[in-house]
Amino acid sequence: MLLPRLPTPRTRVRFVPTAPYHATIQRGPQNMPTHTPNTTDASGHDIGQLARHLYPDGPRLTRFIQHHRHRICPIELLAAQIPPGASILDIGCGGGLLIARLAASGRIRSAQGIDASAPAIALAQGMVPRLRKLAPGPEIRFEHRPVQQGLPDDRYDAVCLIDVMHHVPPAHQERAFRDAAARVRPGGRLIYKDMADTRFPHALMNRLHDLVMARQWIRYLPVEHAERWAAEEGLRPVHAEDVTMLWYAHELRVFERPDGGAEP
């Protein structure tokens, strides 16, 4: 797969947070909100600059992925779903770009990112010193955590399950989702996003992307299953949106545990 040659920056980019994310939402089939972000707007430039600042070196492909992830993943839209001042758990955090965005914008007080990929966690840990110069306040931790080790026992204001479930074997998807939901404290949120098994060519491009990048043939989780499991875990839906960026289709669902409700 040929990748565009990355330009060498002539000057150091200083990241400055901008205004909150704004989106234009339209109603699609079954009255489901659909969203096509403009990747050239101020927020897109903002997170692209942040990524270039935090990931200035390393393998070219690794840098390319971090620098341009905001063009194919609705990071700003995800960040907007996190309650201000939250403690968060990002399951499958990868290189930590979502946590970095939240910390740099002052939206969170603490974050724990976990991933089964040791190289991904090494990348995330490597950018933390640069992130702390921008955002010294939040407590940030990244941990390599193999799947068999399970999730941390703590409860969080927000649990992020972003592009994880399609990597989980179907027989284990329900358990993985319920375990994530159980980490949401009363009044907290579960932010769930995954690739959508939608019409051609989006579903095919989703599969080809992971086949090339992760060497996996992804296993779509019907979003109705996630909605049912969330309800059975005591979470109520607060936001549902389908998102298309370039040729990638995403399903975003946000669930909330009622404040004062019993924890699992």
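Before anything else, pin down the relative contact order of the range 35-256: Cα pairs under 8 Å, at least 6 apart, normalised by residue count, whole percent.
Details: 384 pairs, mean separation 41.8, N = 222.
Computed over the range 35-256, the figure is 19 percent.
The modelled label-to-label distance for the pair Arg109/His239, using points 7 Å beyond Cα in the direction of Cβ, is 2.1 nm. Given their separation in residues at 0.36 nm each and the Cα-Cα distance between them, Gln49 and Phe64 gain 4.1 nm when the chain is fully extended.
All of the numbers you see were taken from the coordinates with simple rules; none came from a lab. Small disclaimer: the values here were computed from a predicted structure and weren't measured. Cβ: placed from backbone, ideal geometry, glycine included. Neighbour counts: every protein chain shown.
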